[in-house]
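What follows is a short report on a single structure.
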Amino acid sequence: MLVFMKRHYLLDTTKKRKGTDEEGAPQKGGSYERQPGVRGLQPGVEESQKEYEAKSKLESFEIELELPTGKLSTVSRIVQFLRSKNANVKLKVTMRVENANLTKSEYEDKIRETLNQEGIVILKDLE
């Protein structure tokens, strides 16, 4: 606690800090002590940190997503995170378009050409 006296700030050491004993050391069970059950370890279960981490690692996985319009950037951020973990990520996108009011010429010029220029392989085209 700071006390203002004649334009000087003095530290009042008579007040005891929360979670400490009389000498200022952390009390048992205070905020400085690790609580049981942290990181998924159950109290009483003896398991080393390395064993726990080895059991909880994912080597590979596959998920299928249905994205609302405008949420593709979220997937992009997830891919960037996975790439930062040195993961090989492959995406397969299915686009269903209804009521597009689009001509075949517009499809060829705007959509197919853009995908080709970006090096994106079209696995399944117009049916």
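The values are calculated or read from the model by the stated rules, or taken from the named source; none is laboratory data. Keep in mind it's a predicted model, so treat the numbers as computed, not measured. Heads up, the Cβs are rebuilt from the backbone with ideal geometry, glycines too, and the neighbour counts pull from every protein chain shown.
Listing for the model above:
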read-out	value
Per-region count, the stretch 93-123, residues hydroxyl-bearing (Ser, Thr, Tyr), under 25 Å from residue 65 (Cβ atoms) and not in a loop (DSSP other than H, G, I, E, B)	2
Whichever residue in the stretch 37-85 is over 30 Å from residue 96 (Cβ atoms) and of a type in the set (Asp, Glu) and, among such residues, is modelled with the lowest pLDDT	46
Filter pass, residue 90 being surrounded by fewer than 10 Cβ atoms within 10 Å (Cβ to Cβ), part of a helix (DSSP H, G or I) and charged (D, E, K, R)	no
Count of residues meeting criterion [under 17 Å from residue 62 (Cβ atoms) and either surrounded by 10 or more Cβ atoms within 10 Å (Cβ to Cβ) or touching a Cys at 6+ places or on another chain (Cβ under 8 Å) (or both)] in the stretch 93-127	1
Members of the stretch 78-87 found to be loosely packed, with under 10 Cβ neighbours inside 10 Å and assigned to a helix (DSSP H, G or I), listed by number	84
